[in-house]
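These notes concern the structure reproduced below.
The values are calculated or read from the model by the stated rules, or taken from the named source; none is laboratory data. Worth saying up front: this structure is predicted, and the values here are computed from it rather than measured. Neighbour counts run over all protein chains shown; Cβ positions are idealised from the backbone, glycine included. Heavy atoms of the whole protein, side chains included, go into the accessibility calculation; ligands, DNA and RNA do not. Shrake-Rupley method; radii C 1.70, N 1.55, O 1.52, S 1.80 Å.
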Amino acid sequence: MHCATVKIHDVPTEVITYGRWIEEGIVADGKKDIVIIITGNPGIPAFYKEFAENIQSKLPTEVPIWIVGHTGHTKPPDNVPNMFVDTKTGRHLYDMRGNLDHKAEFIKKYVPPDARIHIIAHSIGSWFALNLLRDKEISDKVVKCYLLFPTIERMAESPSGRFLTNIVLRVAAFIMFLAWIFTLFPHIMQVILIRVFGFFYGIPANCVGAVIQLIHPSSLRRIFLLAKQEMMLVKDLDNALITEHKKKLYFYYGSKDGWTPIRYYEDLKAKYPDVDAHLCRRGFQHSFVLKDAVEMGKMVGDLINESINSMSS
């Protein structure tokens, strides 16, 4: 595993890779496949490490996995100058459009021209993955997009969307104030508090570092900004986009998901009976990276490995 901060679309961005680092290119005699994981919101790559490790266990060793989150959701390490543009003056870098441009620049800058891209996208990451396909330079490289618990329509109408809009966003300023108090505690105290809280709320020990990144006022400010825009912009399903790229799409819906109710899955299947869409029968949660990372990783890894083998045969 390699974790480092690079500047993408004018924003310091934490990238985590398994296998080849993003600047190493593709070896001449190696496979040209690259797996890119686009996170949900919060867009903190560290939450996806166990998931990525289990995907890697199913793939050929030369196939790298790159995890990229969203702009400003992780605080740069202390040894890297804080080059973040202020959220007010640089809002365009942290909103939905800015994050879409961020993902497009990442792919165009680091993915070799002859590579084959397998995109795994979680939650709002699925919306970004779909919209990346509008760019022909990117879509020509994409083999498949695996959209997990995809929030690609009617977000504000979902039960979780209504709770976010009516409750969470109304008290966002108070939450950020509490986060500021939390940052005043010594690191060991922060870890202890998260471990105690996590014991009751199902946060595994391997996610403590990610939670510490999350509970920071600057990160939360940008997380809430993106969440608010999600509620406003992610409304109707883009039927033309799905029709055009249907063969490149794999949908995986939760059976008990407050963000994507079962009727969203049923509506999709009614419009596109032959679309590669599935309803989870294994009880995986929307926030699968906390409890179901191993099983989800192996499942998606098997799917990608099958796709790679079919192209090689």
### Message
With the structure loaded, tell me whether SER312 is of a type in the set (Ser, Thr, Tyr) and either open to solvent by 60 Å² or more (accessible area, probe 1.4 Å) or over 28 Å from GLY98 (Cα atoms) (or both) or whether it fails that test.
### Response
yes
### Summary
Exception for ASN131 within (1) open to solvent by less than 10 Å² (accessible area, probe 1.4 Å); (2) not in a strand (DSSP E or B) falls at (1)
### region 267-283, subset in contact with a strand residue (DSSP E or B) (Cβ under 6 Å, 6 or more places away or on another chain) and crowded, with 17+ Cβ neighbours inside 10 Å, residue farthest from GLY40 (Cα to Cα)
LEU268
### Query
Which residues, counting only those in region 157-213, are hydroxyl-bearing (Ser, Thr, Tyr) and open to solvent by less than 40 Å² (accessible area, probe 1.4 Å)?
SER158, SER160
### Task
Could you list all residues from region 34-54 that are within 8 Å of the chain's Cα centre (by Cα) and of a type in the set (Gly, Ala, Ser)?
GLY40, GLY43
### Query
Does THR13 satisfy being at pLDDT 95 or above, in a strand (DSSP E or B), open to solvent by less than 10 Å² (accessible area, probe 1.4 Å) and on the phi < 0 side of the Ramachandran plot?
no
### Message
Of the conditions (1) part of a loop (DSSP other than H, G, I, E, B); (2) surrounded by 13 or more Cβ atoms within 10 Å (Cβ to Cβ); (3) not acidic (Asp, Glu), LEU241 satisfies every one except a single condition; which number is it?
### Response
(1)
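Going through MET296, MET232 one at a time, which residue ends up being surrounded by fewer than 16 Cβ atoms within 10 Å (Cβ to Cβ) and hydrophobic (A, V, I, L, M, F, W, C)? Steps first, answer last, please.
Details: MET296 fails: surrounded by fewer than 16 Cβ atoms within 10 Å (Cβ to Cβ).
Exactly one of MET296, MET232 is surrounded by fewer than 16 Cβ atoms within 10 Å (Cβ to Cβ) and hydrophobic (A, V, I, L, M, F, W, C), namely MET232.
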### Message
Based on this model, can you work out whether HIS286 counts as outside any helix (DSSP H, G or I) and surrounded by 19 or more Cβ atoms within 10 Å (Cβ to Cβ)?
### Response
yes
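Take the residues of region 248-266 that are in a helix (DSSP H, G or I) and touching a residue at least 12 places away in the same chain (Cβ under 8 Å): which is least open to solvent (accessible area, probe 1.4 Å)? Break it down into steps so the answer makes sense when it comes.
Taking region 248-266 as the starting set, the residues that turn out to be in a helix (DSSP H, G or I) are 248, 262-266.
If we keep only those that are touching a residue at least 12 places away in the same chain (Cβ under 8 Å) as well, we get 248, 262, 264-265.
Details: LYS248: 50, ILE262: 61, TYR264: 2, TYR265: 42 Å².
Of everything passing the filter in region 248-266, TYR264 is least open to solvent (accessible area, probe 1.4 Å).
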### Conditions (1) of a type in the set (Val, Ile, Thr); (2) in a loop (DSSP other than H, G, I, E, B); (3) modelled with pLDDT under 95; (4) over 17 Å from ILE44 (Cα atoms): number failed by ILE203
(4)
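Conditions tested, residue by residue: (1) over 24 Å from MET231 (Cβ atoms); (2) modelled with pLDDT under 95; (3) among the aromatic types (Phe, Trp, Tyr).
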{"site": "ILE36", "(1), (2), (3)": "yes, no, no"}
{"site": "ASN54", "(1), (2), (3)": "yes, no, no"}
{"site": "HIS92", "(1), (2), (3)": "no, yes, no"}
{"site": "PHE106", "(1), (2), (3)": "yes, no, yes"}
{"site": "PRO113", "(1), (2), (3)": "yes, yes, no"}
{"site": "ALA121", "(1), (2), (3)": "no, no, no"}
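Before we move on, is VAL143 open to solvent by 10 Å² or more (accessible area, probe 1.4 Å), over 18 Å from ASN41 (Cα atoms) and in contact with a Lys or Arg (Cβ under 6 Å, 6 or more places away or on another chain)? Steps first, answer last, please.
Working: open to solvent by 10 Å² or more (accessible area, probe 1.4 Å): yes; over 18 Å from ASN41 (Cα atoms): yes; in contact with a Lys or Arg (Cβ under 6 Å, 6 or more places away or on another chain): yes.
When the stated conditions are applied, VAL143 passes them.
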### Message
Take ALA115 and tell me if it is surrounded by fewer than 22 Cβ atoms within 10 Å (Cβ to Cβ) and touching a helix residue (DSSP H, G or I) at 6+ places or on another chain (Cβ under 6 Å).
### Response
no
